[in-house]
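Undergrad: Quick one: structure below, then a few questions.
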Amino acid sequence: MVKVCGMTRMEDVKLCVDLGVDLLGFIFHPRSPRNADPDFVASVKTGKVTKVGVFVDQTADEVIEIMDRCGLHAAQLHGGQDSVYCWKIGPDRVIRVFWPDTYGSPGALVRDLEDYAEVCGHFLLDAGTKGQGGTGKSINLKILQDIEIQTPWFLAGGLGPDNVRQALAVNPSGLDFNSGVESAPGIKDPAKLREVFRILAEME
């Protein structure tokens, strides 16, 4: 699975769809330079492509309201939301974010993932320590090399043409691209996107 996050322009949406993206991410966080206008997100009709909302501070009721208004299929949760919150959104609609760099050991990370397995359809493992992502930092892949994650999961964190091959080496279920395929925050770089999809097709 390939997800491209931080979408703010229709031309970028169209290019991603043409290239064969599986999921598109739209950030609903006012402090993010990639914060998306709900009217724009609602206007995006992608056919079979899954629309994902990225949320940090909102209540579960606010998330559900935005999902209904914008036609979102899933909610990516970056705010450390608990299992009750995830149940309210609907486990099959939740992509819960974890930050491996904040854990003292791979075992500690695995225990947290197992605790959330029943309330999340997918996990997303991101670089850094918290927040909405898109920092450009790369994740430390060493912590992921010797663990087995049962729930489908995305790898994120500064992914782009230069490091996509290394990312695939830890066998994620999907890759999440954002800052690594941009020319500026919220502005996708067509050349970088095309190169990423070329590499992925080459490695299939």
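The values are calculated or read from the model by the stated rules, or taken from the named source; none is laboratory data. Everything numeric here is computed off the predicted structure, so don't read it as measured data. We place every Cβ from the backbone using ideal geometry, glycine too, and count neighbours over all the protein chains shown.
Undergrad: Please work out if V49 is in contact (Cβ under 8 Å) with a residue 12 or more places away in the chain, within 16 Å of the chain's Cα centre (by Cα) and crowded, with 17+ Cβ neighbours inside 10 Å. Before the answer, list the steps.
TA: Details: in contact (Cβ under 8 Å) with a residue 12 or more places away in the chain: yes; within 16 Å of the chain's Cα centre (by Cα): yes; crowded, with 17+ Cβ neighbours inside 10 Å: yes.
Considered against the rule, which asks whether it is in contact (Cβ under 8 Å) with a residue 12 or more places away in the chain, within 16 Å of the chain's Cα centre (by Cα) and crowded, with 17+ Cβ neighbours inside 10 Å, V49 comes out as yes.
Undergrad: Where the second residue is among the charged types (D, E, K, R) and the first is under 18 Å from L155 (Cα atoms) and lies in the range 98-116, which pairs have Cβ atoms under 7 Å and are six or more apart or on separate chains?
TA: Here the result reads F98/D112; W99/D126; W99/K130; P106/D146; Y116/R96, each pair linking the range 98-116 to a residue that is among the charged types (D, E, K, R).
Undergrad: Just to check your reading of the model, which residue among P30, P38 is surrounded by fewer than 20 Cβ atoms within 10 Å (Cβ to Cβ) and modelled with pLDDT under 95? Break it down stepwise before answering.
TA: Numbers: P38 fails: modelled with pLDDT under 95.
Among P30, P38, only P30 is surrounded by fewer than 20 Cβ atoms within 10 Å (Cβ to Cβ) and modelled with pLDDT under 95.
Undergrad: Could you say whether any residue in the range 79-89 is surrounded by 13 or more Cβ atoms within 10 Å (Cβ to Cβ), closer than 21 Å to P30 by Cα and among the basic types (K, R)?
TA: no
Undergrad: Could you check, for the range 132-152, whether at least one of its residues is of a type in the set (D, E) and in contact with a Gly (Cβ under 8 Å, 6 or more places away or on another chain)? Break it down into steps so the answer makes sense when it comes.
TA: If we filter the range 132-152 for residues that are of a type in the set (D, E), which is where we start, we get 146, 148.
Going one step further and asking which of them are in contact with a Gly (Cβ under 8 Å, 6 or more places away or on another chain), we end up with none.
Within the range 132-152, none of the residues are of a type in the set (D, E) and in contact with a Gly (Cβ under 8 Å, 6 or more places away or on another chain).
Undergrad: Considering only residues that are part of a loop (DSSP other than H, G, I, E, B) and in contact with a Pro (Cβ under 7 Å, 6 or more places away or on another chain), look in the range 154-185 and name the one that is surrounded by the most Cβ atoms within 10 Å (Cβ to Cβ).
TA: Of the range 154-185, the ones part of a loop (DSSP other than H, G, I, E, B) are 156-163, 169-173, 178, 185.
Imposing the further condition that a residue be in contact with a Pro (Cβ under 7 Å, 6 or more places away or on another chain) reduces the set to 173, 185.
Numbers: S173: 13, P185: 15.
Here the residue is P185.
Undergrad: Hey, another quick one. Against the definition (of a type in the set (K, R), within 13 Å of C5 (Cβ to Cβ) and free of Cβ contacts under 8 Å to residues at least 40 places away in the same chain), how does K88 come out, yes or no? So that I can check it myself, show each step before the final result.
TA: Details: of a type in the set (K, R): yes; within 13 Å of C5 (Cβ to Cβ): no; free of Cβ contacts under 8 Å to residues at least 40 places away in the same chain: yes.
Against the criterion (of a type in the set (K, R), within 13 Å of C5 (Cβ to Cβ) and free of Cβ contacts under 8 Å to residues at least 40 places away in the same chain), K88 does not qualify.
Undergrad: So, one more: What residue, of A42, A75, A60, is of a type in the set (A, V, I, L, M) and closer than 25 Å to I139 by Cα? Steps first, please.
TA: On the way: A42 fails: closer than 25 Å to I139 by Cα; A60 fails: closer than 25 Å to I139 by Cα.
Of A42, A75, A60, the one residue that is of a type in the set (A, V, I, L, M) and closer than 25 Å to I139 by Cα is A75.
Every residue, every condition in (1) closer than 17 Å to E148 by Cα; (2) of a type in the set (D, E, K, R); (3) at pLDDT below 90, yes or no:
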| site | (1), (2), (3) |
| --- | --- |
| C70 | no, no, no |
| A74 | no, no, no |
| Y85 | no, no, no |
| G90 | no, no, no |
| R93 | no, yes, no |
| Y103 | yes, no, yes |
| V110 | yes, no, no |
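Undergrad: Only residues that are of a type in the set (D, E, K, R) and within 20 Å of T50 (Cα to Cα): list them for the range 156-195, please.
TA: Let us first name the residues in the range 156-195 that are of a type in the set (D, E, K, R), namely 162, 165, 176, 182, 188-189, 192, 194-195.
D176, K188, R194, listed by residue number.
Undergrad: So which residues in the range 126-168 are hydrophobic (A, V, I, L, M, F, W, C), within 20 Å of V110 (Cβ to Cβ) and modelled with pLDDT of 90 or more?
TA: The first filter runs over the range 126-168 and keeps only residues hydrophobic (A, V, I, L, M, F, W, C), leaving 127, 139, 141, 143-144, 147, 149, 153-156, 159, 164, 167-168.
The next check asks that each one be within 20 Å of V110 (Cβ to Cβ); those that pass are 127, 139, 141, 143-144, 147, 149, 153-156, 167.
Once the filter is applied, which keeps residues that are hydrophobic (A, V, I, L, M, F, W, C), within 20 Å of V110 (Cβ to Cβ) and modelled with pLDDT of 90 or more, the range 126-168 yields I149, W153, F154, L155, A156, A167.
Undergrad: Here's another thing I want to ask about it. Of the numbered conditions (1) within 24 Å of A108 (Cα to Cα); (2) in contact with a helix residue (DSSP H, G or I) (Cβ under 8 Å, 6 or more places away or on another chain); (3) charged (D, E, K, R), K192 satisfies every one except a single condition; which is it?
TA: Here K192 clears every test but (1).
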